[in-house]
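**Q** Got a structure for you, questions after.
The values are calculated or read from the model by the stated rules, or taken from the named source; none is laboratory data. Please read these numbers as outputs of a predicted model, since none were measured by experiment. We place every Cβ from the backbone using ideal geometry, glycine too, and count neighbours over all the protein chains shown. Please note that ligands, DNA and RNA were not included when accessible areas were found on the heavy atoms of the full protein model with its side chains. Shrake-Rupley method; radii C 1.70, N 1.55, O 1.52, S 1.80 Å.
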Amino acid sequence: MLDRFLARQFARPHGPAGQLLLGPLLDRVGRPMMDAAFAALAAHAGERVLDLGFGGGHLSRRLLAAGTRVVGVDHAPAMVARARRRHRAALREGRAIFLEGAAEALPLGGSAVDCAASVNTIYFWPEPAAVFAELRRVLAPGGRLVLAFQTPGSVRAWPGHVHGFRAHAAEAVEAALGAAGLAPVLRATARARTVGDYVLLVALRDGR
Ligand SMILES: C[S@@+](CC[C@H](N)C(=O)[O-])C[C@H]1O[C@@H](n2cnc3c(N)ncnc32)[C@H](O)[C@@H]1O
């Protein structure tokens with residue numbers, strides 16, 4: 001019962017729990033992966049960075065603190081409202097924008113961002129290939145993409161995964177990225193107490 005509730009909240013935080021509890025919970029659980037994604041992005045001040053499925057927003061906060069321009073997209077209205085409340089100044093100054101939208105149909109124009117990251121989100125995408133096509137479209141030529149996700153073993157170690165989580169092997173994700181015009185250039189695995197083993201992938205959008 002609790003597992004199913006949490007699995008649905010992780011996929012799309014909603015309701016009073018989504019508004020009050022999920023942001024801090026996601027930030028605590030996913031912090032090591034978001035910190036690793038932040039380091040792998042190595043985004044420069046002024047670069048436009050997409051944080052896809054930003055959830056509690058720890059990664060967006062770090063990116064803003066580093067002087068980048070953050071474009072956050074999440075399909076959960078509760079998370080979008082929370083991010084807008086927490087980043088009023090950055091929104092006012094035009095350094096951030098938080099949009100409600102789906103990974104499969106990003107609410108952005110072509111070449112809208114210099115780099116993109118998506119942490120702990122791929123489990124919820126029915127068709128990762130469709131999302132990769134969208135990411136290629138919105139990334140500028142040569143733009144970098146960082147994905148971080150738990151290994152299939154770690155996904156399956158939590159009984160709640162049966163409620164809608166899809167586990168992905170790093171090799172299959174790399175193949176799908178390559179097919180979408182996002183060339184994988186780095187793969188690392190790491191372990192964190194809160195999430196177990198996870199994969200970090202970096203890919204570069206082709207120059208066409
Ligand atoms: C498990 S949380 C991860 C949040 C954050 N990136 C982290 O690592 O803590 C997944 C987030 O992705 C969002 N999400 C899931 N599927 C999505 C989709 N297809 N399009 C946009 N956002 C999605 C959810 O609403 C949620 O905020």
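**Q** For the stretch 72-90, which positions are outside any loop (DSSP other than H, G, I, E, B) and more than 13 Å from the ligand (Cβ to nearest atom)?
**A** Residues satisfying the conditions are Arg84, Arg85, Arg86, Arg88, Ala89, Ala90.
**Q** Oh, and also: Of these, Glu93, Glu171, Glu100, which one is at pLDDT 95 or above, surrounded by fewer than 16 Cβ atoms within 10 Å (Cβ to Cβ) and within 10 Å of the ligand (Cβ to nearest atom)?
**A** It is Glu100.
**Q** Answer with yes or no whether Phe149 is at pLDDT 95 or above, touching a Ser or Thr at 6+ places or on another chain (Cβ under 8 Å), open to solvent by less than 50 Å² (accessible area, probe 1.4 Å) and within 10 Å of the ligand (Cβ to nearest atom).
**A** yes
**Q** Okay, next question. Going by what's in this entry, would Leu177 be described as without any contact (Cβ under 8 Å) to a residue 60 or more places away in the chain, buried (at least 18 other Cβ atoms within 10 Å of the Cβ) and away from the ligand (no atom under 16 Å from the Cβ)?
**A** yes
**Q** State which residue pairs qualify: first residue touching a residue at least 24 places away in the same chain (Cβ under 8 Å) and over 19 Å from His161 (Cα atoms) and inside the stretch 5-33, second residue near the ligand (Cβ under 9 Å from one of its atoms) and among the hydroxyl-bearing types (Ser, Thr, Tyr) in any location, beta carbons under 6 Å apart, and separation of 6 or more residues or different chains.
**A** That search, which allows pairs on different chains as well, returns nothing.
**Q** Does the stretch 9-66 hold any residues that are surrounded by fewer than 19 Cβ atoms within 10 Å (Cβ to Cβ), more than 13 Å from Arg82 (Cβ to Cβ) and touching a Gly at 6+ places or on another chain (Cβ under 7 Å), and which are they?
**A** Of everything in the stretch 9-66, those that are surrounded by fewer than 19 Cβ atoms within 10 Å (Cβ to Cβ), more than 13 Å from Arg82 (Cβ to Cβ) and touching a Gly at 6+ places or on another chain (Cβ under 7 Å) turn out to be Ala11, Ala45, Gly46.
**Q** Filter the stretch 107-125 for residues that are near the ligand (Cβ under 8 Å from one of its atoms) and either among the aromatic types (Phe, Trp, Tyr) or open to solvent by 50 Å² or more (accessible area, probe 1.4 Å) (or both) and give the result.
**A** The answer is Tyr123, Phe124, Trp125.
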